[in-house]
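Chemist: Dropping the structure in here first, questions after.
Derivation of every value follows stated rules applied to the coordinates shown; laboratory data play no part. Since the model is a prediction, treat every value here as computed from it, not as a measurement. Please note: Cβ atoms are built from the backbone with ideal geometry, for glycine as well, and neighbour counts cover all protein chains shown.
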Amino acid sequence: MNPSRENTGSGPIVTVSGPIGRRNPRRAELVLCVAAVVIVVVAALAMSAATGGGDSLQWSLIVFVVLTLLAHLAVRIFAAKADPVILPCVVLLNGIGLVLINRLDRAEATTAASQGEPAPSSDSAHQLIWTAVGIALFAAVLAVVRNHSQPARYAYTCGLAGVVALLVPAVLPSKFSEVNGGKSWIMFHGFSIQPGEFAKVLLLIFVAGFLVANRDLFSTAGKKVLWFTVPRLRDLGPLLLVTLLAVLVLVYEKNLGFSLLVFGTVLAMVYIATRRASWLLIGIAMFAVGAIIAYNLFAHVRVRVQVWEDPFATYYTNGFQIAQGLFGLGTGGLWGAGLGAGRPQEVPFAKTDFIIATIGEELGLFGLTAVIILFMIITLRGFSAALTTRDSFGKLLGGGLAFSLGWQLFVVVGGVTKLIPLTGLTTPFMSYGGSSLLANYVIIALLIRISHDARSVPAAAPAPVAPIADAMTEHIARRQI
């Protein structure tokens, strides 16, 4: 804000340009980032004290503090007016995830030492490296995408690239694409990546661009049946394509989580664009039909559903993971066993698919609720940025990206708590894995760009008020009663 002084003869009057009372968002963001880092440091020290210390912990914390500062500087330079709350929430989630992964590393090292085996490599160190790469990618997206409408020019290219990236693992030999029975990876000579994580972002850009270009057809065309409008069959083409793609991924790559995530997000974006409940009903019906067909044709789908119905019936085989996760959540209770005091390593894939169970066991219901609230804040702030921006593409893209984060957390928590069948999705920013972390940092960068652009648009100036001397006057006769 640039204050200017105007002398009217009765002393200086300070006139402030810009909204009165608006604080510097970057200063608020810096304060919140410092608070997030302090919480992470305290959690790391508490975990270290409970598990026996560690020489590398202090260096990891220093690196994390530097990375947080670099992320803040990137926002300050490239998106100075963006929402000040999104990045600190991400920093806190990422930091707590690093602490929990380090805690599980120590448990694995202790188990290996008791069995006379060498300690496995540190996943927390790898995750810290991926965090650095993710923040670098975060800054690069902010620097390259200087306007949130830029991706709209390449919407169809993004759609094609997303489909190709998604289908590549399905056509590769199993030794290059299959991990734990699921074909969703690309692996070559020690390098591995999950292209579906990036395909998700590319497909959402395509869907937003497509809906903006064809919004009138989706909103007005169709026949009136009872109290809602049924879209024309040719208008259902994109939704049918996405449904078919989701079912193919479910069948050939055994990736139920991606099917739920992409289809649910696309359906939400269609509803945001049209505000027609008929699209929701038709989309849910289409996915239900596809899921029933897949259940009856493919054994691995039936296994997931049977484990969901009663994991204890197959406790020593397929139901062991979710049963152990439920035991961990029950052990944590309200307050948790404390960082480093539980036994989350007893749950298979505790660092990835089941890090929610680790949180629930060591931080309790209150800690898990705090994590969910952080995700809710990010999602709501993303929706707020989408609603504030004035163009349709920004609204749809921002709404879709924000919904995808909230929807993914719901699917993950629902699977771990046996609310829905287990999907294999990871918790954004917290689970171990580079592909997920990088893709989610791209999502956050785009949301911050949308937020910055929405806040950069000047508010409409109020209509000038005419001086009282120039105001129109009207003679009103008094009526006698």
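Chemist: State the answer as a single residue: which of ALA288, TRP335, TYR271 lies farthest towards the positive end of the charge dipole of the stretch 260-361, with beta carbon charges of +1 for Lys and Arg and -1 for Asp and Glu, about the Cα centre.
Modeler: Value: TYR271.
Chemist: Would you mind pulling out the separation of the Cα centroids of the stretch 375-421 and the stretch 317-347, in Å?
Modeler: Comparing the Cα centres of the stretch 375-421 and the stretch 317-347, I get a distance of 27 Å.
Chemist: Taking the beta-carbon count within 10 Å as an exposure proxy, list SER56, SER451, SER192 from fewest neighbours to most.
Modeler: SER56, SER192, SER451
Chemist: In which sequence would TYR315, TYR441 go, from the one with the fewest C-beta neighbours within 10 Å to the one with the most?
Modeler: TYR315, TYR441
Chemist: Turning to a different aspect of this structure: Take ARG275, ARG106 and order them by how many other Cβ atoms sit within 10 Å, fewest up front.
Modeler: Ordered by Cβ neighbours within 10 Å, fewest first: ARG275, ARG106.
Chemist: Per residue and in Å³, how big is the convex hull formed by the alpha-carbon atoms of the stretch 89-208?
Modeler: 144 Å³
Chemist: Just to be sure I understand the curve: with the Debye formula and one point per C-alpha of the stretch 97-161, what is log10 I(q)/I(0) at q = 0.14, 0.20, 0.24 Å⁻¹?
Modeler: The calculated log intensity ratios at q = 0.14, 0.20, 0.24 Å⁻¹ are -0.63, -0.83, -0.98.
Chemist: Can you pull a Stokes-Einstein diffusion coefficient for the stretch 61-146 at 25 °C (0.890 mPa s), Rh from Kirkwood over Cα pairs, as a whole number of µm²/s?
Modeler: Diffusion coefficient, whole number: 169 µm²/s.
Chemist: Over the Cα atoms of the stretch 277-344, what Rg and Dmax result, in angstrom?
Modeler: So, for the stretch 277-344, Rg and Dmax equal 17.7, 50 Å respectively.
Chemist: Here's a follow-up. Could you pull the Rg and Dmax for the stretch 315-378, using just the Cα atoms, both in Å?
Modeler: 11.7, 39
Chemist: Here's a follow-up. May I ask for the distance between the Cα centers of the stretch 150-165 and the stretch 69-144, given as a whole number of Å?
Modeler: Taking the Cα centre of the stretch 69-144 as reference, the centre of the stretch 150-165 is 28 Å away.
Chemist: Just the number, please: Stokes-Einstein D of the stretch 307-454 in µm²/s, Kirkwood Rh from C-alpha pairs, 37 °C, 0.692 mPa s.
Modeler: 202 µm²/s
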